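What follows is a short report on a single structure.
The values are calculated or read from the model by the stated rules, or taken from the named source; none is laboratory data. Worth saying up front: this structure is predicted, and the values here are computed from it rather than measured. Keep in mind that these areas ignore ligands, DNA and RNA; they rest on the heavy atoms of the full protein, side chains included. Shrake-Rupley method; radii C 1.70, N 1.55, O 1.52, S 1.80 Å.
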Amino acid sequence: MLKVGLTGGIGAGKSEVSRLLVASGAVLIDADKIAREVVEPGTPGLAAVVETFGPEVLAPDGSLDRPKLGAVVFADADKLAALNAIVHPLVGARSAELEQAASDDAVVVHDVPLLAENGLAPLYDLVIVVDASPATQLDRLVRLRGMSEEDARARMAAQATREKRLEIADVVIDNDGPLEGLSERVGEVWADLERRARA
């Protein structure tokens with residue numbers, strides 16, 4: 001089994017790369033998706049969040065009101081740390097379960113947005129960084145995701161610098177150009193990953 005960490009700044013195109021890798025045959029473990037699953041209604045994760053932050057972080061239907069919780073934790077580092085202390089171990093446990101279910105010769109890609117920020121590179125056999133210039137990231141966030149320029153810049157600034165991400169990269173996928181070039185580059189990377197998984 002080859003354990004690959006996949007990361008990239010917001011708007012760099014990491015989701016597109018993970019989609020192409022899955023289409024090639026990778027087993028994807030998406031940390032963001034799991035983080036949502038572990039706090040769904042009826043889970044111990046949601047119970048722990050409510051116990052810590054109070055029932056006001058729930059929506060009327062009993063699900064987690066993410067914007068409300070976000071407003072609480074992003075304004076207070078201690079509260080963010082408390083939330084992470086609940087969610088991160090649950091995400092880790094679920095990720096490990098999914099990884100164990102994969103075949104011995106699988107290429108398992110862990111899509112981890114904050115891989116560089118949380119110092120997680122040593123957990124993987126190889127780290128792939130999807131890279132785009134800040135100008136390209138900003139353009140995509142504003143044009144494709146409909147963010148205001150101010151919001152887009154704030155989100156970019158909250159992440160690791162481009163340099164910090166590139167420092168931990170074993171493989172860099174440049175995604176500054178058109179999509180056609182990206183498919184070709186991901187194809188080359190996939191061939192290399194398959195070789196490594198078999199070795």
Can you tell me the mean projection area, over all orientations, of the convex hull of region 59-109's alpha carbons? Units nm², please.
5.2 nm²
Å³ per residue of the Cα convex hull, for region 104-199?
106 Å³
Relative contact order of the chain, defined on C-alpha pairs under 8 angstrom at six or more residues apart (%)
38 percent
Tail beyond 20 Å, pair distance distribution of the chain (Cα, percent)
61 percent
Those aspartates and glutamates that a straight Cα-Cα span of less than 13 Å connects to residue 164, excepting residues fewer than 8 apart in one chain:
117, 131
Quick check: from the Cα gyration tensor, does region 51-161 come out rounded (a/c under 1.5), prolate or oblate?
oblate
Could you tell me whether region 75-139 comes out rounded, prolate or oblate from its Cα gyration tensor? Rule is a ≥ b ≥ c as square roots of the eigenvalues, rounded for a/c under 1.5, then prolate if a/b exceeds b/c, otherwise oblate.
oblate
Give the carbon-plus-sulfur fraction of the accessible surface of the chain in %, rounded to a whole number; probe 1.4 Å, heavy atoms of protein chains only.
53 percent
For residue 79, which lysines qualify as cross-link partners when the Cα separation must be under 20 Å and same-chain residues fewer than eight apart are set aside?
68
Report, in whole Å, the centroid distance computed from the Cα atoms of region 70-85 and region 135-182.
24 Å
Over region 1-57, with a single point scatterer placed on each C-alpha, what log10 of the ratio I(q)/I(0) does the Debye formula yield at q = 0.21 1/Å?
-0.83
Provide, as a two-decimal number, the C-alpha radius of gyration of region 157-199 over 2.2 N^0.38 Å, N being how many residues it has.
1.43
Rounded to the nearest 5, what % of the DSSP beta bridges within the chain are antiparallel ones?
5 percent
Heavy-atom accessible area per residue, region 61-199, 1.4 Å probe: how many Å²?
58 Å²
Looking at region 1-96, what % of the alpha carbon pairs are farther apart than 18 Å?
54 percent
